Amino acid sequence: MAVTAEKTYYRFLVLFFTCLLTFGSYFCFDIPSVLQDQFQGNITFQNGTSTNHSGGCVDGLGMSPEEYNLLYAIYAWTNALVVIMAGYLIDKLGNRFGLFLFSFLTVLGSAIFALGSHFKGTPYLLPLMLTGRLLFGSGNGSLTIVQNRVTAFWFKGKELALAFGLTLSFSRLGSVLNFFFTQQFESHYGIQWTLWGGTILCVLGFLAAITVSILDKVGMKQLGLDGAMQEESKKVRVQDVRHLPLRYWLLVLTIMFFYNGVFPFVADASKFIQDKYEGYDQKTAAYVAGAVYDSSLVLSAAVGILIDYVGMRGVLAALCAILTLPVFALLAFTFVPPLVSTLWLGVTYSFAAASMWPSIPLVVPQATLGTAMGLATSVQMIGIGLSNLIVGKILGTKSSERKIPLWRWQQMMIFMLANTIACIATSVILNIVDKKQGGTLNKMSKRAESESGDESDRTPILNAEDDRHLD
């Protein structure tokens with residue numbers, strides 16, 4: 001039987017390769033988190049003296065905590081600046097343009113980042129590695145926008161939350177494998193080869209981008225929508241941003257404040273666990289920190305299916321923020337085993353991601369979805385970048401402080417708590433506004449209705465006239 005775009009399995013074939021787009025880049029993104037000791041280790045410690053880093057001296061790149069957190073901040077700032085224009089360009093020039101350009105930038109950025117590690121002890125190390133993270137960030141954040149745009153087109157009105165959950169699961173699989181294997185790989189082959197291995201995984205993402213481009217183009221032509229989408233893209237204007245509804249902006253702020261607590265925490269979690277809790281070596285601490293992504297990997301698809309059937313996206317966003325409060329309280333003020341907190345955070349993160357991001361296509365038109373996703377990612381990354389900077393300042397600037405004082409870690413967790421409280425406030429206001437405007441976010445999806453007819457095997461058709469009206 002010929003594979004045609006009208007069939008359900010064609011949509012899921014597109015989804016499979018779409019999921020692979022960010023697998024390698026998500027693996028690459030958190031390599032510094034797993035190897036924080038190596039990034040901040042003593043550059044005078046000679047290679048070959050020790051391979052398991054079991055002693056008090058760690059062979060590393062000699063970065064200070066502030067410089068290390070700058071690697072994450074520059075990634076976030078780049079996203080904040082680039083994704084706005086990237087989203088607009090994707091809307092104007094199409095998915096295929098974005099897939100090629102931004103997947104290539106992840107490869108180039110990760111390669112320069114790996115190259116920088118060969119210049120330890122020289123003035124070139126930090127500029128090269130920051131340049132690599134800058135290019136990597138401009139590609140990875142924008143690539144996620146294309147990924148979401150492709151997914152929203154093929155699954156809007158059907159298994160949208162499931163599709164978003166699966167893309168998140170594949171991305172988090174990259175993160176999970178990083179936390180499980182990177183430290184062990186580095187102990188045998190060194191930090192340089194480890195970073196180049198991440199680059200190779202980004203190349204696989206580039207190959208997936210080529211495949212998605214072909215499938216997306218063929219599928220749209222079979223459905224007769226390629227021309228219609230191009231016509232709608234020509235109508236997209238920068239001024240359309242003025243018409244984005246209040247619910248969209250509240251949703252964006254909710255996302256930003258929630259992620260302000262997750263990503264900066266994961267970036268420093270491995271060292272935090274080693275500094276505060278007894279009996280955790282670098283490898284074990286990396287496993288415990290990675291439990292945030294383990295939970296997300298296991299739960300995201302199932303959570304997506306649940307949300308597709310019950311709706312309640314706005315309510316779940318608020319509940320996730322409320323239930324995240326105890327996580328940082330436990331980390332700040334108790335000595336409860338850290339695995340409890342990281343697993344707990346992983347669960348709330350899974351529900352938050354599956355309820356917040358798929359809500360954006362419900363409140364903005366398909367033709368401007370790239371721009372809307374770009375703005376949302378930009379605001380999110382501005383918040384994360386500032387959070388990484390603040391965390392770097394809180395933790396101090398002296399690389400000679402092998403063990404960061406616990407009072408500094410406690411202040412960091414209190415900062416995470418403040419972001420979570422802000423997330424609760426914006427999500428509650430979001431639900432109030434959504435209820436006044438028809439309660440779209442908390443309604444069930446139309447899948448049940450579509451299953452009663454022949455439309456269940458067809459991709460959603462773009463209704464240009466309806467989509468031009470924004471609340």
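Take Ser341 and tell me if it is at pLDDT below 90 and buried (at least 21 other Cβ atoms within 10 Å of the Cβ). Here the answer is no, as Ser341 does not meet what is asked.
Out of segment 327-348, which residues are among the small types (Gly, Ala, Ser) and touching a residue at least 40 places away in the same chain (Cβ under 8 Å)? Hits for segment 327-348 are Ala329, Ala332, Gly346.
The conditions of being farther than 20 Å from Met256 by Cα and aliphatic (A, V, I, L, M) are not met by Leu81.
Restricting Met85, Met63 to residues that are assigned to a helix (DSSP H, G or I), of a type outside the set (Gly, Ala, Ser) and on the phi < 0 side of the Ramachandran plot narrows the list to Met85.
If you filter segment 180-214 down to residues that are of a type in the set (Phe, Trp, Tyr) and more than 21 Å from Thr144 (Cα to Cα), you find that the one that is most open to solvent (accessible area, probe 1.4 Å) is Trp193.
Close contacts from segment 304-326, counting a first residue that is of a type in the set (Phe, Trp, Tyr) and a second that is crowded, with 20+ Cβ neighbours inside 10 Å, with Cβ to Cβ under 8 Å and a gap of 6+ residues or different chains, come to Tyr309/Ser445.
Of Ile210, Ile145, Ile214, all but one fail to be assigned to a helix (DSSP H, G or I), under 30 Å from Tyr9 (Cβ atoms) and without any contact (Cβ under 8 Å) to a residue 12 or more places away in the chain; the exception is Ile214.
Residue-wise test of (1) surrounded by fewer than 24 Cβ atoms within 10 Å (Cβ to Cβ); (2) at pLDDT below 90.
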residue	(1), (2)
Val327	no, no
Leu331	no, no
Thr334	yes, no
Tyr349	no, no
Ala354	no, yes
Val363	yes, yes
Ala372	no, yes
Ile384	no, yes
Leu389	yes, yes
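When Ile74, Ile112, Ile84, Ile90 are checked against the criterion of being surrounded by fewer than 20 Cβ atoms within 10 Å (Cβ to Cβ) and out of contact with any His (no Cβ under 6 Å at 6 or more places or on another chain), a single residue qualifies: Ile112.
Scanning segment 407-450 for residues that are among the aliphatic types (A, V, I, L, M), assigned to a helix (DSSP H, G or I), open to solvent by 30 Å² or more (accessible area, probe 1.4 Å) and at pLDDT below 90 yields a count of 1. Every listed requirement among (1) open to solvent by 20 Å² or more (accessible area, probe 1.4 Å); (2) closer than 18 Å to Ile384 by Cα; (3) at pLDDT below 90 is met by Asp268 save one, (1).
Of the numbered criteria (1) modelled with pLDDT of 90 or more; (2) over 30 Å from Gly392 (Cα atoms); (3) not polar (S, T, N, Q), the one Val252 fails is (2). So which of Asn95, Asn79 is more than 17 Å from Ser378 (Cβ to Cβ), at pLDDT below 85 and surrounded by 21 or more Cβ atoms within 10 Å (Cβ to Cβ)? Of the residues listed, the single one that is more than 17 Å from Ser378 (Cβ to Cβ), at pLDDT below 85 and surrounded by 21 or more Cβ atoms within 10 Å (Cβ to Cβ) is Asn95. Leu319 meets the conditions (1) under 16 Å from Ala161 (Cβ atoms); (2) surrounded by fewer than 18 Cβ atoms within 10 Å (Cβ to Cβ); (3) modelled with pLDDT under 90 in every case but one. The failed one is (3).
The values are calculated or read from the model by the stated rules, or taken from the named source; none is laboratory data. Only a predicted model underlies this, so the values are computations on that prediction, with no experimental measurement involved. Neighbour counts are summed over all protein chains in view; Cβ atoms, including those assigned to glycine, are modelled from backbone coordinates with ideal geometry. To get the accessible areas, we keep the full protein, side chains included, count just its heavy atoms, and leave off ligands, DNA and RNA. Shrake-Rupley method; radii C 1.70, N 1.55, O 1.52, S 1.80 Å.
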